[in-house]
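Encoded as structure tokens, the structure appears first; notes follow it.
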């Protein structure tokens, strides 16, 4: 690139900086920026990339130094500059500074920078500026003839964060009426809100509404419903949803925290039937390990029963025993023998 004269311009450096940042190789950024400054002058993209690094490090002082430097270079900050600075200030709980840079950001946006509007809404949401969220949304709808899925997702999730469920639901209904994509991710926002509020009956009704409107449930949809039933300790329904998920996709990575919570409940209940069926389901998802087998054994301990051929099953699943496994097998060996459950061998 040097021989061709490309390094006389910031563009190739900016591409490499973007690559370093996307790969998390932030330690390489300072040296590359210094090299850039030796060969050419940074542009606004360079400074914005540098600010993005400082944002990831939550380094307020360095970010403000970069802002002064770009102004000294007589470059005009753009909306991305102020958006990044606002994020840094929010993370550092510097609300006054965040509101100040947010006002500067708003001065920089135009019809050409459409993505800036969603960014504005998200930032105002993080600052709890409810009136400004409604104001920006109204302005955006007056400028653009159609609102896309990403923008509906942004405003609905923002209103839910601001505890404006009724308004979020109104906008969901609006999206539902005009959407041609039937994007499940937007419907999942409302479903998750019902579940987070422990309104499982309404969540189920809403899921039925999704189906009636032609919105196909995703793995996330099923996991959300399963999480709702898990809160109510309705393990049969949780298991049913897990089985549907496994059979509906070619590859599924279960939520590790949720799996632990599920086994915690079945352990408490001493519910060996559900525990065994969970093992079978997770095996189909290629998600069995020592921790899961230990949870199964603890369930048997709480039930006062002895499981059959656990060591053989672990060997078949290529799962290693640890000290706890051996201890639990020793405890259960003194208990009442159970039959080998169907499908576990």
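Rule-based calculations on the coordinates, nothing more; no lab input. Note that the coordinates shown come from a computational prediction; the quantities given were computed from them, not determined experimentally. Virtual Cβ from ideal backbone geometry, glycine too; neighbours counted across all protein chains shown.
Before anything else, pin down the relative contact order of segment 248-345: Cα pairs under 8 Å, at least 6 apart, normalised by residue count, whole percent.
Working: 109 pairs, mean separation 29.9, N = 98.
Answer for segment 248-345 is 31 percent.
Among 38, 146, 305, which one moves the most in a GNM of the chain with springs linking Cα atoms closer than 10 Å?
38
Could I have the simple spin-label model distance between residue 72 and residue 255, label points 7 Å from Cα toward Cβ, reported in nm to one decimal?
Those two pseudo-labels are separated by 4.8 nm.
Each label point is 7 Å from the Cα along the Cα-to-Cβ direction; what then is the distance between the points at residue 15 and residue 247, in nm?
Going from the residue 15 label point to the residue 247 one covers 5.0 nm.
Label points 7 Å out from Cα along the Cβ direction at residue 182 and residue 62: separation in nm?
4.8
Relative contact order for segment 1-106: what percent, with Cα pairs under 8 Å and sequence separation of 6 or more? Could the numbers behind the result be given before it?
On the way: 100 pairs, mean separation 22.1, N = 106.
Dividing the mean separation by the residue count of segment 1-106 yields 21 percent.
Quote to one decimal, in nm, the extra length available between residue 327 and residue 8 on full extension: 0.36 nm per residue of separation minus the C-alpha distance between them.
Working: separation 319, 0.36 × 319 = 114.84 nm, distance 6.75 nm.
Separation in residues times 0.36 nm, less the Cα-Cα distance, equals 108.1 nm.
Could you run the Debye sum over the Cα atoms of segment 1-106, one equal point scatterer each and no solvent, and tell me log10 of I(q)/I(0) at q = 0.11, 0.16, 0.22 Å⁻¹, two decimals?
Log10 of I(q)/I(0), two decimals: -0.34, -0.69, -1.19.
Specify whether the C-alpha gyration tensor of segment 205-289 places it in the rounded, prolate or oblate class, a ≥ b ≥ c being the square roots of the eigenvalues: rounded for a/c under 1.5, otherwise prolate if a/b is larger than b/c and oblate if not. Don't skip to the end; give the middle numbers.
On the way: a/c = 2.31, a/b = 1.43, b/c = 1.61.
Oblate.
Give the calculated FRET efficiency between residue 22 and residue 148 to the nearest 0.05, with a Förster radius of 30 Å applied to their Cβ-Cβ distance.
Details: r = 24 Å, r/R0 = 0.81.
Plugging the Cβ-Cβ distance into 1/(1 + (r/R0)^6) gives 0.80.
Starting from the Cα-Cα distance between residue 103 and residue 216, subtract it from 0.36 nm times their residue separation and give me the gain in nm to one decimal.
Values: separation 113, 0.36 × 113 = 40.68 nm, distance 4.02 nm.
Full-extension gain reported as 36.7 nm.
Dimensions of segment 5-49 along principal axes (Cα, Å, largest first)?
Ordered largest first, segment 5-49 gives principal extents of 27, 17, 16 Å.
As an exercise, use a Förster radius of 45 Å and the Cβ-Cβ distance of residue 113 and residue 316 to find the FRET efficiency, rounded to the nearest 0.05.
With R0 = 45 Å, the Cβ-Cβ based efficiency is 0.20.
Tell me, 207, 264 in order of fewest to most beta-carbon neighbours within 10 Å?
Values: 207 22, 264 14.
Listing 207, 264 from fewest to most nearby Cβ atoms yields 264, 207.
Convex hull volume of the Cα atoms in segment 255-342, per residue, in Å³?
Output value, Cα hull per residue: 83 Å³.
Once you've got the GNM for the chain with C-alpha springs shorter than 10 Å, pick whichever of 122, 157, 142 has the biggest mean-square fluctuation.
With Cα springs under 10 Å in the chain, the top fluctuation among 122, 157, 142 is at 142.
What ratio of Cα Rg to 2.2 N^0.38 Å holds for segment 128-183?
Values: Rg = 11.0 Å, N = 56, 2.2 N^0.38 = 10.2 Å.
Taking the Cα Rg and dividing by 2.2 N^0.38 Å, one obtains 1.08.
Only Cα pairs within less than 10 Å get springs; with that Gaussian network setup on the chain, which residue of 161, 182, 197 has the largest fluctuation?
Of 161, 182, 197, the Gaussian network model singles out 197 as fluctuating most.
Cβ neighbours within 10 Å, averaged per peptide: list 288-300, 59-71 in order, most packed at the top. Walk me through the numbers on the way to the answer.
On the way: 288-300: 21.2, 59-71: 15.6.
Most protected by this proxy first, the peptides run 288-300, 59-71.
Kirkwood hydrodynamic radius, the chain, all distinct C-alpha pairs: what's the number in Å? Walk me through the intermediate numbers first.
On the way: mean 1/r = 0.0410 Å⁻¹.
Hydrodynamic radius (Kirkwood, Cα pairs) of the chain is 24.4 Å.
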